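See structure below.
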Amino acid sequence: MQAATFTPRQCAVDDQGCDVDQIAQFQQIIGDAEVGVVLVKLCNQYQVAIVPQGGNTGLVLGSVPDAGGHAVVLSLLRLQQIRGIDVINNTITVDAGCFLQQVQQAASASGRLFPLSLASEGSCTIGGNLSTNAGGTAVLHYGNARELCLGLEVVTPSGEVWNGLRGLRKDNTGYDLRDLYIGAEGTLGIITGAVLKLFPKPVSRATALAALPSIEASLALLQFIRMHSKDLALTAFELLSDYCLSLVRQHFPRIRQPQLAPHPYYVLIEFSSQENESIPMQSLQQVLQLAMQNGFIADAAVASSLAQSNDIWSMRESISEAQAAEGKNIKHDISIPISAIGDFIRRTDALLTEQFPGCRMVTFGHIGDGNLHYNVSAPQNSSAEQFLTKQNAINRVVYDSVAESSGSISAEHGLGALKREEILRYKSPLEMQLMINIKRALDPNNIMNPGKVVMPLP
């Protein structure tokens, strides 16, 4: 990316800041990327706030401007080039506006796998994924967005372009600037490109749904599978409560669910292998049989076809939509040490039931990496709007319980504007001050997505 020259007199400016109406006429001359750099320089000069935006699929108001009406929303959606694939180095270099699904497909066409997988992969962008350090269903084996990124290209608040597009696994040459920008939600700079890790495409997968008597059984099963899966990759271990599945059955009856007797919890398990197609299936059947004999699971269904595997995954990925169809709810994206998940759910369920009688917990998530979506719905046949007036009180119960378990109130969605003030209760003043110091150092005019992640700078 190369910055174009653009003088202030080419842009009309009034006492409110920079009017960017005339920027468009230069777009075809200097290109979308270059005009973005020009815009950043002008906004920095006139101290106009910039809100970087990708697919706008976030859940914490991180990619939307405030109600003041004085911010520029800078869309990255025109930056959709797959810049190159290096199959020997197992890397792909892409523009930040590429949709996640585009990157997955480009990797697959080269016989490789880009493993980041989200329900919104058809509409979320790589820049947004990196800015929020997205997680998804494959973190257990492959890691989150931070682990999948080797290098970045970033436009700084001053309009300079840092080219850190290095496809290196080892680069011990000072501060890791890449990690500063990943997860910063656009508050330190604008990610415009990335070098991402690729992996060999699995030859085969095996998927199952196991019924469990308790959360503790799911944790024991996770350890048991890790000990007995040998060289196979455990690529998914997803928790679903019985209530989650009942919502999917109610609102999406077309999705076929395995015929298992009702149990409090279930886990979706997936193995993958680079070897013979039959190996994951045989191994998954064997380990589940052993787990049943040891009392870790009560029942299980192993997908015998790709269609059945897709049905199980559709069931998992439809929980959020089913919950939305049931009515408004209070969402919590939290992270708990895996060993403490059982105690957290039992304690928090009891507190919420006592203080908000009749509320319904929609508990699911990536239990293999400790990330729970611990959502709370209104009592049946009650007013959802009235229930939402209790959101702050319910959040307090949940987040205090998260803190008691040494967890995090945001696992993969970020803080955005929604949790910006909430985090002050759970991070130390020193930690928050260090974050503010970084923001001041890299964005002294506070133009990059102000009001997100950290409190507004004085």
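Where a number appears in this text, it was derived from the coordinates with a stated rule and is not lab data. As the structure is a prediction and not an experimental result, all values here were calculated from the model. With ideal geometry, Cβ positions are generated from the backbone for all residues, glycine too; neighbour counts draw on all protein chains shown.
Counting only DSSP beta bridges whose two residues both lie in the chain, roughly 90 percent are antiparallel. Dipole magnitude for the chain: about 320 debye, using +1 per Lys or Arg Cβ and -1 per Asp or Glu Cβ, origin at the Cα centre. Rounded to the nearest 20, the Cβ-based charge dipole of the range 358-436 about its Cα centre (Lys and Arg +1, Asp and Glu -1) stands at 180 debye. Along the axis of the charge dipole computed for the chain (Cβ charges of +1 for Lys and Arg, -1 for Asp and Glu, origin at the Cα centre), the listed residues Val73, Gln274, Asn163 are led at the positive end by Gln274. Each 10 Å bin from zero up to the one holding the largest Cα-Cα distance in the range 190-249 carries the following percent of pairs: 14, 36, 25, 19, 5. With the alpha-carbon atoms of the range 90-134 aligned to their principal axes, the span from lowest to highest coordinate is 27, 20, 15 Å, starting with the largest.
May I ask you to derive the FRET efficiency for Glu321 and Gln81 from their Cβ-Cβ distance with R0 = 30 Å, giving the value to the nearest 0.05? The calculated FRET efficiency here is 0.40. If R₀ is 41 angstrom, what is the calculated FRET efficiency for the pair Arg425 and Ser339, using the beta carbon separation as r and rounding to 0.05? Efficiency, from the Cβ-Cβ distance: 0.95. As an exercise, take the mean of 1/r over every pair of distinct alpha carbons in the range 204-320, invert it, and state the Kirkwood radius in angstroms. Here the Kirkwood hydrodynamic radius works out to 14.2 Å.
One chain, two ends: Asp179 and Arg249. Fully extended at 0.36 nm per residue, the span grows by 21.1 nm beyond their Cα-Cα distance. Residues of the range 326-344 with an amide N closer than 18 Å to a point placed 7 Å from the Cα of Ser382 along the Cα-to-Cβ direction: 326-332. Using R0 = 51 Å, the C-beta based FRET efficiency linking Asp171 and Ala403 works out to 0.90. Mean projected area of the convex hull spanned by the Cα atoms of the chain, taken over all viewing directions: 23.6 nm².
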